[in-house]
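Q: Got a structure here, written out as structure tokens. Questions coming.
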Amino acid sequence: MVRIIGFLVGLAFSGVLLLSLLINGVGAIKEPAEKTAEKAGFLLEPKPLHLASDGPFGKFDRQQLQRGFQIYKEVCSACHSLKLVAFRDLRQLGYTEAEVKAIANQWQTEVPSINPDTGEPATRKAIPSDHFPSPYANETAARAANSNALPPDLSLMTKAREGGAPYVHSLLTGFQPQPAALLKQFPDAKTPPGLYYNPYFANLNIHMPPPLVSDGQVSFADGTKPTVDQMAKDVAAFLVWTAEPKLEARHATGITVLLFLLVATVLAYLSYKNIWAEAKRVVAPKGPLDPENRARRATAMSEAGIEGGPKPDGA
Amino acid sequence: MATLQDTPHDATAEDGVRRRDFINVAAISFAGVGAVAVAVPLLTQMAPSADVLALASIDVDISKIQPGQAIKASWRKQPVFIRNLMPKEIAAANAVPLSELRDPQTLAERTKPGHSNWLITMGVCTHLGCIPLGTGEGENRGPFGGYFCPCHGSAYDTAARIRKGPAPKNLQVPQYEFTSPTVVKIG
Amino acid sequence: MSFGWAQEYQPKSGFMRWIDQRMPLPRLVYGAVGGGYPVPRNLNYFWNFGILSGLMLTVQIVTGIVLAMHYYATADGAFDSVEHIMRDVNAGWLLRYSHANGASFFFVAVYIHIFRGLYFGSYKAPRELVWMLGLVIYLLMMATAFMGYVLPWGQMSYWGAQVITGFFSAFPVVGEPLRIFLLGGYAPDQAALNRFFSLHYLLPFVIAGVVILHIWSLHIPGSGNPTGVDVKTEKDTLPFHPFYTAKDGFGVGVFLILYMGVTFFWPDYLGHADNYIPANPLATPAHIVPEWYFWPFYAILRSFTVDFILAAKLWGVLAMFSSILLLFFLPWLDTSPVRSGNYRPVFKRFFWLLVADVFVLGYVGGAEISPVNIALGQFASAYYFAHFLIILPLISKLERPLPLPNSISESVLHGEAEESAPYGLATSGPVTAE
């Protein structure tokens, strides 16, 4: 019964699937899917980017993180929030407590608070335990100021995009005029006004105007030459840190744990081999205690009609 | 390993067996060390997290506290009493002989030099952790004119020293410093 | 225990004797995972994955309890609380990564365990109940994993919850009200998140309970083995401890190296970037996919594209549920008296075809929709159902199995331990017998 019902159910599911396959196949041949510019090879994979934090032994380059933070502060933070990071976290970039306090105190946006005398909404200067205040009061305000496009929070940007840090670097350096070949192939795909062509962005046209426009847009205290590419790299490195400030601890702990496990596993293997070497001796009783001999004796005795022989166990 | 004791072995294998036992013991020891190591993150996660520790010091503006008034500030999610003592309260506190006190301390020991009118104490009764009355206008300040804990009737004097009731100690003075004449950093 | 030669528990100390006389718990443990449980001596490494699954369940429960100490199940706070764990809680990043990747490795262990059972006929009499209880565990795991994935309240969490509860709306009449009832609203929100958290915390303990039944029902007939031949004499078995505890210890080491390697060095590899974007009910990610362990089922769901008598959506949902439920009937679909695939030449070929088929389904389920992928998914899904419901019953009737060894010990003596691993993928322990 189970098999008959099963057979029918199997036939039904497989049948409907093969029918779908057939119908789809015919449909696909009749009207092939339309191609879009993204699919036609105009969407590019991020350029390779190597950061000090890459790989299992990777550590942050603190100078670079400080430069990246400077770019966030002077360029990105005008529109993008960094909600998950607190000023106190900047200590990890090598800033002293006093420097962190000064950075918080002089931050361009103040922290929303309440006027202690009247209870009305007010703002106050940030302190190290505050998270970075958002440039806009809320999402509506952010959209209103950016022709309805919401500048995303940057805290997790390198983890929230498939391409990670290389994507951030490529996107920031990828602004360019729309290629003529694209317009020739897809005349309707012209970048709409107010948007910017960027071959690394999912649909090729991004609301964000090019943020890093010229070499020397910021000036680095450590003497690094602030080319657009360098600035994009530094801010990408900074965003790797904001997305995962515990990366160094993770790498260091990971190496220790794996080394420990490696030794422990080798020992476990030796111990296993060594215990199994005893297998034969432990479980193969010889002579009259051998279960097979006991069974034989029992059968023989019962055939001969003798009472009280060993009971055949097992079998 | 205990389970191997059942194994009959010939005397010539004695050395080999010892070496093998050593491997088993080493393997089990490693497993034990691993188990202890695993317990570390499972336990340390309970300790205060970085954001909680970051709030461990606060700045309080005391410029608006008139003599005779007190405020409650919140530090580490606990109340801190900040009182601007009147001269007569200071005098009353200094008039008490130390021998009468359960937890002998002078007012001077409980304030900062140059700021002897500022009495800054935790607002946590040393008996069982209730918050004593006495900071708000018109609250019961107890028989000694300081603070009075309504839970079990501990009474503190104008220097917040325990005078009567079950509490064993004076109200604790937290670590603090004056960063300016009107701002106190607690913690 | 059914074998007469199983060693009886002998308390080693007065204290244990005292306990044992009052509550024979030490005796129970000894008989379950100690020297008192005789196990076939020819098990290969595929038999490690039961213990490994148990280990991963333990890891998930322990890390989960600890994470729940810091997580807030609120639509506004859930995402930030997870990031708080990652940034500010002591060792929080380690606990959270261990839990997230632990789910994946739990499924890795369980899938290998299930396919072990399929190849070696572990579902056959007298172990049908062991198999069915295992499937119950698997279903509970799927529910737990799904609800756990919703908790971080990222984009994939949110849209996963939307899509999976959407299955229920496929059923006519009751579907939509049922979906709203399950969510406690018209879309996933506070009510849904809170109940998912509550159930996500509860179900692992239910799983642990069913695991006990699973092991109990296994210990009545005893463990199977790669030859599929019943244990006949004491020569065929070894006590679980120390032989298989040692072997499992080694297996645990290897498995932990892989698990910890991913957790520490590729912690987000098995996850999805979109889940680092907070849930947004007004914008769907371009490419919604569940976690990898659901991909084969997701492929089956998406393969039904034509309304034929029933709506395509309903076909998909029915097929997806059926693809797991049919496994409950496996002991009666495969009627061959031979358990082990090693002695079933035709079955063996189709088994590997099934493995390949499930990999194809997994690929399709995780890939973006394209005409080729849909066609591939439809073909692979059709084979999946045909394999279990049509091909397997036919093979069991028509196939001529190879001669079985007389006993396990004989098979070991003849060096068949080597053969006992499917296609030489692994060898059994260094069993030496004269």
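Every number in this text was worked out from the coordinates using simple rules, so none of it is lab data. Keep in mind that this is a model prediction, so the values were computed, not measured. Here the Cβ is made from the backbone with ideal geometry for all residues, glycine too, and neighbour counts use every protein chain on show.
Q: What residue among B:I71, B:V124, B:A92 has its Cα farthest toward the positive end of the dipole of region B:52-186, where the charges are +1 on Lys, Arg and -1 on Asp, Glu, each on the Cβ?
A: B:V124
Q: In addition: Which entries in A:K184/A:K225; A:K59/A:K159; C:K232/C:K397 show an alpha-carbon gap greater than 29 Å?
A: A:K184/A:K225
Q: Running Debye on region C:1-59 with equal point scatterers at the Cα sites and no solvent, what base-10 log of I(q)/I(0) appears at q = 0.12, 0.28 Å⁻¹?
A: -0.41, -1.08
Q: By the scheme Lys and Arg +1, Asp and Glu -1, what is the net charge of all other residues having a beta-carbon under 15 Å from that of B:K169? Before the final figure, lay out each step's value.
A: Working: positive: B:R102, B:R110, B:R161, B:R163, B:K164; negative: B:D103, B:E109, B:D157.
Once all neighbours under 15 Å are counted, the net charge is +2.
Q: In addition: Enter the angle in degrees (range 0 to 90, nearest 10) between the Cα long axis of helix B:14-44 and the first principal axis of the Cα atoms of chain B, meaning the one along which they spread out most.
A: Tilt relative to chain B: about 20 degrees.
Q: Taking the alpha-carbon distance from A:K101 and a cut-off under 15 Å, which aspartates and glutamates remain once sequence neighbours fewer than 8 residues away in the same chain are dropped?
A: Those aspartates and glutamates meeting the cut-off are A:D89, A:E110, A:D130, B:D59.
Q: Something else now. Take the alpha carbon atoms of region C:351-394, find their center, do the same for region C:270-307, and report the distance between the two centers in whole angstrom.
A: For region C:351-394 versus region C:270-307, the Cα centre distance is 18 Å.
Q: Quick one: if you stick a label point 7 Å off each Cα along the C-beta vector at C:I309 and C:V29, how many nm between them?
A: Output for this residue pair reads 5.6 nm.
Q: Return the unpartnered cysteines for the protein assembly as shown, using a Cβ-Cβ cut-off of under 4.7 Å.
A: A:C76, A:C79 - these cysteines have no disulfide-compatible partner (Cβ-Cβ under 4.7 Å) in the protein assembly as shown.
Q: Past 21 Å, Cα to Cα: identify those pairs from B:K112/B:K185; A:K190/A:K233; B:K77/B:K112; A:K39/C:K313, in the order given.
A: Details: B:K112/B:K185 13 Å; A:K190/A:K233 29 Å; B:K77/B:K112 24 Å; A:K39/C:K313 28 Å.
Beyond 21 Å between Cα atoms: A:K190/A:K233; B:K77/B:K112; A:K39/C:K313.
Q: Then there's this: Between 0 and 90 degrees, rounded to the nearest ten: what's the tilt of helix C:371-386 against the longest Cα principal axis of chain C?
A: Taking Cα atoms only, the helix is inclined about 40 degrees.
Q: Also, I was wondering about something else. Hey, can you list the DSSP H helices of chain A whose Cα span along the axis is 24 Å or longer and whose average Kyte-Doolittle score is at least -1.0?
A: A:2-30, A:247-276
Q: Let me ask you something else. Counting each DSSP H run of 4 or more residues in chain C as -39500 (n - 2.57), what helix-only mean residue ellipticity at 222 nm follows after dividing by all residues, to the nearest 500 deg cm²/dmol?
A: Taking each H run of at least 4 residues, the total per residue is -19000 deg cm²/dmol.
Q: Next up: Pairs of Cα atoms under 8 Å, at least six residues apart: use those to get the relative contact order of chain B, whole percent.
A: Relative contact order of chain B: 18 percent.
Q: Okay, next question. Given A:V2, A:F186, A:A141, which one lies farthest toward the positive end of the charge dipole of the protein assembly as shown, if we put +1 on the Cβ of every Lys and Arg and -1 on the Cβ of every Asp and Glu?
A: Among A:V2, A:F186, A:A141, the one farthest towards the positive end of the dipole of the protein assembly as shown is A:V2.
Q: On a C-alpha basis, how far is the centre of region A:10-64 from the centre of region C:180-224 in Å? Whole number, if you could?
A: Region A:10-64 and region C:180-224 have Cα centres separated by 33 Å.
Q: Further, regarding this structure: For region C:329-346, what does the Karplus curve 6.51 cos²θ - 1.76 cosθ + 1.60, with θ = phi - 60°, yield as ³J(HN,Hα) per residue in whole Hz, taken in order and with x for Gly and Pro?
A: 9, 3, x, 9, 7, 9, 9, 4, x, 8, 7, 6, x, 4, 10, 10, x, 6
Q: Separate question: Taking just the alpha-carbon atoms of chain A, what radius of gyration and Dmax come out, in angstrom?
A: In order Rg, Dmax, the Cα atoms of chain A give 34.6, 110 Å.
Q: Ok, one more. Any idea what the relative contact order of chain A is, in percent, if you count C-alpha pairs under 8 Å spaced at least 6 apart?
A: Once divided by the residue count of chain A, the mean separation gives 20 percent.
Q: In vacuum, with every alpha carbon of chain B counted as one equal point scatterer, what does the Debye formula give for log10 I(q)/I(0) at q = 0.09, 0.10, 0.13, 0.19 Å⁻¹? Two decimals, please.
A: Per q value, in the given order, log10 I(q)/I(0) is -0.48, -0.52, -0.73, -1.23.
Q: Could you work out the relative contact order of region A:1-103? I mean the mean sequence separation of Cα pairs under 8 Å and 6+ apart, divided by the number of residues, in percent.
A: Details: 20 pairs, mean separation 14.2, N = 103.
14 percent.
Q: While we're on this one: If one takes the longest principal axis of the Cα atoms in chain C, at what angle in degrees, from 0 to 90 and to the nearest 10, does the Cα axis of helix C:312-325 lie?
A: 20
Q: Let me ask something else about it. How many angstrom lie between the C-alpha centres of region C:1-29 and region C:86-106?
A: Between the Cα centres of region C:1-29 and region C:86-106 lies a distance of 39 Å.
Q: Please give the average number of partner chain Cβ atoms lying within 10 Å of the Cβ of each residue in B:83-92, rounded to a whole number.
A: 0
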